[in-house]
Amino acid sequence: MSNVMAGAEPFHFAGSEVGVLVSHGFTGTTQSMRFLGETLAREGGFTVVGPRLTGHGTTPEEMAQASAQDWVNDLEEALATLRQQCSKIFITGLSMGGTLTLYMAAMHADLFRGVIPINAAVFLNNPDLASLAFMAGAPPAVPGVGSDIKQASVSELAYPVVPVPAVKQIYALMAITRELLPRIQAPTLVLSSREDHVVPPLNGPYILDNIGAAEKQLVWLENSYHVATLDNDKELVVAETLRFIQAHC
């Protein structure tokens with residue numbers, strides 16, 4: 001394995017019996033979730049675990065070898081760690097991390113106390129990207145999707161390209177997660193940017209309408225693009241997440 005980029009390391013903050021599993025997104029790193037994770041640990045006193053997804057934070061070539069199964073396994077392993085330390089567990093994630101959040105909430109419907117997807121993707125409406133999945137002679141990589149951030153002074157630690165072999169992996173993950181949405185029973189807080197150049201904002205209402213949870217809420221983020229956890233609304237993301245977790249402990 002290549003060296004992990006500085007800032008892309010996994011994090012684990014020890015705290016109370018309330019645990020929070022935090023997932024970054026597609027081609028991104030834990031850097032995008034560190035502010036949220038650190039603040040939840042500091043202000044909420046929670047135990048917070050943020051794994052580095054396989055193939056991320058190293059090289060695009062390594063990500064090209066990774067699969068959606070690897071990413072699910074990464075979260076399952078982090079969840080197992082949290083279950084050893086915590087009796088109440090919540091899950092949150094950004095972008096594909098939000099997709100994984102929904103997937104995990106569906107597959108462990110009786111486990112999570114609450115679910116907080118942030119700009120989660122269950123569809124992309126991107127024919128150009130989709131066309132690469134099984135294209136003969138497709139290039140090894142295409143321009144990246146990182147750093148969709150409204151605040152000009154902030155950047156995301158993410159690959160500058162999307163490894164094409166990973167495209168079919170994220171499409172498979174989205175399709176399966178979309179089918180599983182009715183299985184989600186835990187209280188759910190959906191956070192969605194009103195303007196997002198990576199994941200169509202209509203994902204938010206779609207997720208809200210299709211999950212099985214009786215208690216669910218959509219909060220629009222009005223001043224951020226896709227990477228809301230680093231953008232102008234990052235404090236609002238923290239405040240809403242903290243409020244939600246404390247209300248369901």
Between a residue in the range 147-166 that is at positive phi and any residue that is of a type in the set (G, A, S), which pairs come within a Cβ distance under 6 Å, given they are 6 or more apart or on different chains?
S147/S155
What is the one condition in (1) of a type outside the set (A, V, I, L, M, F, W, C); (2) at pLDDT 95 or above; (3) over 27 Å from V122 (Cβ atoms) that Q65 does not satisfy?
(3)
Kindly evaluate I89 against the criterion of being closer than 25 Å to L208 by Cα and either more than 12 Å from the chain's Cα centre (by Cα) or surrounded by fewer than 16 Cβ atoms within 10 Å (Cβ to Cβ) (or both).
yes
When you look at Y159, is it outside any loop (DSSP other than H, G, I, E, B) and under 19 Å from G28 (Cα atoms), yes or no?
no
Somewhere in the range 221-234, is a residue surrounded by fewer than 18 Cβ atoms within 10 Å (Cβ to Cβ), touching a residue at least 12 places away in the same chain (Cβ under 8 Å) and in contact with a Gly (Cβ under 9 Å, 6 or more places away or on another chain)?
no
Sort through A109, A78, A121 and tell me the only one that's assigned to a loop (DSSP other than H, G, I, E, B), among the small types (G, A, S), under 15 Å from the mean Cα position of the chain (by Cα) and within 24 Å of Q185 (Cβ to Cβ).
A121
Taking the range 206-219 on its own, how many of its residues are loosely packed, with under 14 Cβ neighbours inside 10 Å and either β-branched (V, I, T) or in contact with a Ser or Thr (Cβ under 8 Å, 6 or more places away or on another chain) (or both)?
2
Regarding the range 162-182, can at least one residue be identified that is of a type outside the set (K, R), in a loop (DSSP other than H, G, I, E, B) and in contact with a Leu (Cβ under 7 Å, 6 or more places away or on another chain)?
no
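Hey, does the range 67-74 have a residue that's touching a Pro at 6+ places or on another chain (Cβ under 8 Å) and either farther than 21 Å from V145 by Cα or buried (at least 20 other Cβ atoms within 10 Å of the Cβ) (or both)?
Yes, some residue in the range 67-74 is touching a Pro at 6+ places or on another chain (Cβ under 8 Å) and either farther than 21 Å from V145 by Cα or buried (at least 20 other Cβ atoms within 10 Å of the Cβ) (or both).
The values are calculated or read from the model by the stated rules, or taken from the named source; none is laboratory data. Just so we're clear, the structure is a prediction, and the values are computed from it rather than from any experiment. In this analysis, Cβ positions are derived from the backbone assuming ideal geometry, glycine residues included, and neighbour counts consider all displayed protein chains.
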